[in-house]
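The values are calculated or read from the model by the stated rules, or taken from the named source; none is laboratory data. Everything numeric in this text was worked out from a predicted model, so none of it was measured. Don't worry about glycine lacking a Cβ; one is built from the backbone with ideal geometry, like all the others, and counts go over all protein chains shown.
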Amino acid sequence: MDGPGNIIIRNTCSGNTTSWDIVAGNALGPIVGASTNAGAVIGNTYTGSLGSADPNANFTF
């Protein structure tokens, strides 16, 4: 966002040199750096966490 007065929620950035470039004057949910799982996942469950319980979080991975 290169201008003020925007709201940024529930976005995902991946594969970028710079994921976020947001000037002052904007409202945004938390930005969380999501990590990858350490091993294979087999079955129907995974107990990992994306690092936020905020439903409006923005994720970078």
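Brief remarks follow.
- Yes/no for Ala53 being among the small types (Gly, Ala, Ser), within 15 Å of the chain's Cα centre (by Cα) and surrounded by 13 or more Cβ atoms within 10 Å (Cβ to Cβ): no
- Qualifying residue in segment 34-47 (condition: touching a strand residue (DSSP E or B) at 6+ places or on another chain (Cβ under 6 Å) and surrounded by 11 or more Cβ atoms within 10 Å (Cβ to Cβ)): yes
- Any chance Val32 is outside any loop (DSSP other than H, G, I, E, B) and at pLDDT below 90: yes
- In segment 2-15, the qualifying residues are those that are over 21 Å from Pro55 (Cα atoms) and at pLDDT below 90, and the one that is surrounded by the most Cβ atoms within 10 Å (Cβ to Cβ) is Asp2.
- Failed condition for Ser19, given (1) free of Cβ contacts under 8 Å to residues at least 24 places away in the same chain; (2) within 21 Å of Met1 (Cα to Cα): (1)
- All of (1) modelled with pLDDT under 90; (2) within 13 Å of the chain's Cα centre (by Cα) hold for Ala40 with one exception: (2).
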